[in-house]
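Okay, so here's the structure we're looking at.
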Amino acid sequence: MPVRWGLAASTGTALVPPGPAVSADEAAAEVARLAEGARRGEGHVRDLTGLGVGLPVPAAAVVDRPGWITSATEGIAELTSGVVLPTARGGKPSTLGRVAGEVTSSVAAAQMGGLLAFLSTKVLGQYDPFAGPARAGQLLLVAPNVTAAREALDVDAEDFALWVCVHEATHRLQFTAVPWLRDHFRDEVTTFASGMESGVSAAMERLPDVVKALRSRADVSLLELIQGPEQGAILDRLLALTTLLEGHAEHVMDEVGPAVVPTVEVIRRRFSARRRGGGPVDRLLRVLLGVQAKIQQYEQGRVFVDQVVGTVGMEGFNAVWTSPETLPRRAEITDPAAWVRRVHG
């Protein structure tokens, strides 16, 4: 990909606003809560889902906002390392082409840095299958963002830390307990990104329609609107997969929560209201970046998992992890019974 990832990381780090002002003791207490919450949380997830029995539980990395930016750039660079854009094919570029490429990669890095600086203030935690030592995957928990969110929500510190960790530990378990998922996800992203330039070029010819759709619909991202049919099919599979992953984590949070997080109902209610909030600039950025569409994914995915588990139980739901062919199709996300019929007969 034409991005200077080191420059993206340094740009993002330079632009990121500081987190909440807390004492050294308060910061240390938050780090300890999150580290312990990640360990405990995965145990609860395993008990509920039946996934990952016997696997080790790796330690989470509790980071600040610059630490998340550094890890994110490393993970994205690794994920997209196999992408070949059309302009990179067909022989050695000219001197002018090389200069233009350098300029393009620097501009892209600056843009990516600004994007990561914004996102680094929103992310509470993340399992990145392509970050960490040997790029083998790492669970990251962003301590200042957890502190800021907890203070804004006015909820119990121990409960909130564990609640966040259960969600992210579910994502870690999805990738560590399902051995084919990481490579499948990488292959889909590589194929999609390698053909992305043609989709963007075609979208420029229908830009007014794209802008109109973007303004009128909160459930889609700009990325989704600019794709042609071939890229759209790949994107459908990726959206179905990520909706499944987020919905599974939401389902697990709701099922585990009442037994181990006493104030879970208060946390869920206030956190859901916070997801819908933000000023006009923040809401615009969410739409442009697809964050608003991602919020829709949480709800759609949770309903899918709730209904499948309600119909065939957790063991029946776990058939989803058998192979890429048993993953839900995009149309099945909103029609769970269709997935049950196709997979369970």
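Among the residues in the stretch 264-283, are any at pLDDT 85 or above, in a helix (DSSP H, G or I) and touching a Ser or Thr at 6+ places or on another chain (Cβ under 9 Å)? Checked against the condition, which is being at pLDDT 85 or above, in a helix (DSSP H, G or I) and touching a Ser or Thr at 6+ places or on another chain (Cβ under 9 Å), the stretch 264-283 yields no hits at all. With respect to S201, is the statement that it is within 16 Å of the chain's Cα centre (by Cα), farther than 30 Å from M314 by Cα and modelled with pLDDT under 60 true? When the stated conditions are applied, S201 does not pass them. Annotation note: of T80, T49, the sole residue that is at pLDDT 90 or above and either closer than 25 Å to E246 by Cα or among the aliphatic types (A, V, I, L, M) (or both) is T49.
For first residues located in the stretch 103-125 and touching a residue at least 24 places away in the same chain (Cβ under 8 Å) and over 22 Å from A38 (Cα atoms), partners that are part of a helix (DSSP H, G or I) and of a type in the set (V, I, T) and lie 6+ apart or on another chain with Cβ distances below 6 Å form the pairs A110/T11; G113/T11; L116/I69. Is there a residue being more than 27 Å from L15 (Cβ to Cβ) and small (G, A, S) anywhere in the stretch 139-158? Among the residues of the stretch 139-158, at least one is more than 27 Å from L15 (Cβ to Cβ) and small (G, A, S), which makes the answer yes.
Out of all the residues in the stretch 14-28, which are part of a helix (DSSP H, G or I) and free of Cβ contacts under 8 Å to residues at least 60 places away in the same chain? Step through it out loud before you land on a result.
If we filter the stretch 14-28 for residues that are part of a helix (DSSP H, G or I), which is where we start, we get 14-15, 24-28.
The answer is A24, D25, A28.
Is there a residue in the stretch 91-99 that is crowded, with 16+ Cβ neighbours inside 10 Å and at pLDDT below 90? No, because not a single residue in the stretch 91-99 is crowded, with 16+ Cβ neighbours inside 10 Å and at pLDDT below 90.
Can V57 be described as in a loop (DSSP other than H, G, I, E, B), modelled with pLDDT of 85 or more and touching an Asp or Glu at 6+ places or on another chain (Cβ under 7 Å)?
Details: in a loop (DSSP other than H, G, I, E, B): yes; modelled with pLDDT of 85 or more: yes; touching an Asp or Glu at 6+ places or on another chain (Cβ under 7 Å): yes.
Answer is yes for this residue.
Those helices (runs of 4 or more DSSP H) of the stretch 135-201 in which at least 1 residues are over 30 Å from P2 (Cβ atoms), touching a residue at least 40 places away in the same chain (Cβ under 8 Å) and touching a His at 6+ places or on another chain (Cβ under 7 Å), considering only elements entirely within it, cover 157-177.
The values are calculated or read from the model by the stated rules, or taken from the named source; none is laboratory data. Because the structure is predicted, anything quoted here is derived from the model rather than measured. Because the Cβ atoms are built from the backbone with ideal geometry, glycine has one as well, and the counts that use them run over all protein chains shown.
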